[in-house]
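Working notes for the structure below.
The values are calculated or read from the model by the stated rules, or taken from the named source; none is laboratory data. In this text the structure is predicted, and so the values were computed from the model without any measurement. We place every Cβ from the backbone using ideal geometry, glycine too, and count neighbours over all the protein chains shown. To get the accessible areas, we keep the full protein, side chains included, count just its heavy atoms, and leave off ligands, DNA and RNA. Shrake-Rupley method; radii C 1.70, N 1.55, O 1.52, S 1.80 Å.
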Amino acid sequence: MKLNKNYNNLKQNYLFSIIAHKVAEVAEKNPDKTIIRLGIGDVTLPLVPAVISAMNGAVDEMSQKETFKGYGPEQGYGFLKENIRSYYERMGVCLETNEIFISDGAKSDLSNILGLFTEDNVVLIPDPVYPVYVDDNVIDGRKIVFADADESNGFLPMPNEAVNPDIIYICSPNNPTGAAYSKEQLAEWVAYAKRKEAIILYDAAYECFITDPNMARSIYQVEGAKDCAVEICSFSKIAGFTGMRCGYTVVPFDIEQDGLSLNKMWLRRQTTRFNGVNYIVQKGAAAIFTPAGEAQIRQNLEYYKRNAKLIAQCMDELGIPYTGGENSPYIWLRCPNGMGSWEFFDYLLEKAGIVGTPGAGFGKNGEGWFRLTAFGSYENTLEAVERIKILFGK
Ligand code: PLP
């Protein structure tokens, strides 16, 4: 056998295990102290009743000979694809149902889609960002160029003519920085991708947090994006599906090269290597788009947004620079008093009993920055904000 030696090139990612270890140590030393966890990127509110009831109905269907479902379409059931198509239509984006492929989440498809591209493609990845993009490409042995995101560009890097990428990653709103591109800024990326004959892999996992109408919720809100961008999205954040595993990828018909259609390649890939997401979960996902489901998930999103606002207001009061908080569940703050990411992590944990995520875990430009999330409970977020204000003398 010949093993893939690229695995040796992966940086060991101890981020969350180091955090867990440090938290356990502080908890042991201070049994009376309540530790508030604002480091997680996972949701905490349960699935909404409309989703539960749809899944219960689907379980009943599975129990009857007449309604039982075996293998489903690999690319997803028509009822869910149609719901997604009409969701996009409401944001002014025209998709065909056969451009939509249901997946078991964005993480898998972000990796699987790379199977359509050879290893000699050069990839452009923002720094800092969701670490999976880098690891996926390290495993495949592709050359990675970084697009530096920092305070000077509001953590929203713009195209650089000197770089010649083949595959461009965009994550908006970004994890961890919470920064989101406007439609005008994305139009520059689309034009750049066309000039460079590159493809954009657009991760829209957090689009549901966007409230500002100038910000793009989909790359296809930019004219011309359908012939140079694939959009990967997820029900994880919009509807708390992190444990359910369901998302979707849009591969437009218009992306072609030398007679090869990316949509046809992806269909072939999915029908060969994937057997679809289970019926019960897809029924649950379809309920997100019913009037009751929409109202219920809106309430959950408002809950998280209220937390985000609370943290952002605290940063405003303390004069700590940050991005996110609006249009995003993440608040990305500059570590006060020139502290490094880990130094601030220890300081906040020991002095205030609050757990966040050191920015250095998301790329070199994350050093000196820190991520807090809005996915905790309202009560804990309120308490955390009070503790931070006391710590910094307000
Ligand atoms: N994309 C980004 C930017 C994320 O932050 C995450 C998860 O936190 C994912 C994708 C993964 O989504 P899923 O749960 O659909 O695999």
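When the helix-only estimate is applied to the chain (DSSP H runs of n ≥ 4, each -39,500 (n - 2.57), divided by the residue count), what is the mean residue ellipticity at 222 nm, nearest 500 deg cm²/dmol?
Numbers: 12 runs with 150 residues, N = 394.
After summing the helix terms and dividing by the residues of the chain, the value is -12000 deg cm²/dmol.
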Quick check: at a probe of 1.4 Å, how many percent of the accessible area of the chain sits on carbon and sulfur atoms?
50
What's the center-to-center distance, using Cα atoms, between the range 163-228 and the range 107-153 in Å?
15
Reach of Lys2 by Cα under 18 Å, taken over aspartates and glutamates that are not fewer than 8 positions away in the same chain
Glu119, Asp140
Under the 7 Å Cα-to-Cβ spin-label approximation, Glu188 and Cys94 lie apart by a distance in nanometres of 2.9
Extension length gain for Arg195 and Glu379 (0.36 nm per residue less Cα distance), in nm, is 61.3 nm
Between Gln64 and Thr44, Cβ-based FRET efficiency (R0 35 Å, step 0.05) works out to 0.50
Return one whole number: the accessible area per residue of the chain in Å², for a 1.4 Å probe.
45
To the nearest 20 debye, what charge dipole does the range 130-227 have about its Cα centre, counting +1 at the Cβ of each Lys and Arg and -1 at the Cβ of each Asp and Glu?
220
As a quick test, which of the pairs Lys237/Lys351; Lys194/Lys226; Lys81/Lys237; Lys81/Lys264; Lys69/Lys264; Lys143/Lys196 have an alpha carbon distance above 21 angstrom in this structure?
Lys237/Lys351; Lys69/Lys264
Would you pull out the residues with amide H under 5 Å of Ile354's amide H, same chain only if 5 or more places away, H placed 1.01 Å from N?
Ile36, Leu349
Out of residues 5 or more away from Ala229 or on other chains, whose amide H comes under 5 Å of its own, with H placed 1.01 Å from N in the peptide plane?
Ile200
log₁₀ of I(q)/I(0) at q = 0.14 Å⁻¹ - the chain, Debye sum with one point per alpha carbon:
-1.30
Using a 1.4 Å probe, how large is the accessible area of Arg142, given in Å² and rounded to the nearest 10?
20
Is any residue of the range 345-360 close enough, with backbone N under 17 Å, to a label point placed 7 angstrom from the Cα of Asn337 along the Cα-Cβ axis, and if so, which?
345-354
Along the range 355-361, what does the Karplus equation 6.51 cos²θ - 1.76 cosθ + 1.60 (θ = phi - 60°) give for ³J(HN,Hα), rounded to whole Hz, x for Gly and Pro?
9, x, 10, x, x, 4, x
Highest first, please rank the peptides 55-66, 328-339, 230-241, 147-158 by the mean number of other Cβ atoms sitting within 10 Å of their residues.
230-241, 328-339, 147-158, 55-66
Asn275 and Lys29 label points (each 7 Å along its Cα→Cβ direction) are spaced in nm at 5.1
In nanometres, what is the gap between the two model label sites at His21 and Arg306, each 7 Å from Cα along Cα-to-Cβ?
3.9
Which order do peptides 354-361, 163-170, 368-375, 258-265 fall in by mean Cβ count within 10 Å, highest first?
368-375, 354-361, 163-170, 258-265
